[in-house]
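Here's the structure, in structure tokens; my notes come after.
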Amino acid sequence: MKILIVLITLLSTISFNALSQNVTEIPLPEEFVITMDVTDEYPMIRTGYLTDSIDTITGFYKEKLGEPLKNTGNSTHHTLFYNYKEHKIKISLYHHNYVTEVSIIIE
């Protein structure tokens, strides 16, 4: 019984560590400034900002991750939905005061 508990704990730790590495593998534009990184909790979140436009950032992610499964929004906010390494990724963009805030969430 103790061996089973140890194995289950080990397997859950390995899978959690693999997931936590995924948020750091999501590509970031060169001038991205990280304001928050939550890699040890679920969902994994990375937020930051850029001076680039929503269109420029959207183009960056289309180049790096391919066409999103779905995208929604308008000229001030936009959300891209991807599957990346078997996880759902949501990239939200919000433009205001000459910067674009970016939130990357691994669900």
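Values in this text are rule-based calculations from the coordinates and carry no lab data. Note that the coordinates shown come from a computational prediction; the quantities given were computed from them, not determined experimentally.
Odds and ends about this structure:
- Gain upon complete extension [residue 62, residue 101; 0.36 nm per residue less C-alpha separation]: 12.3 nm
- Partners for residue 62 among aspartates and glutamates (Cα-Cα distance below 16 Å; same-chain residues under 8 apart left out): 25, 30, 52
- For residue 70, a cut-off of 18 angstrom between C-alpha atoms picks up these aspartates and glutamates, skipping any fewer than 8 places away in its own chain: 55, 86, 107.
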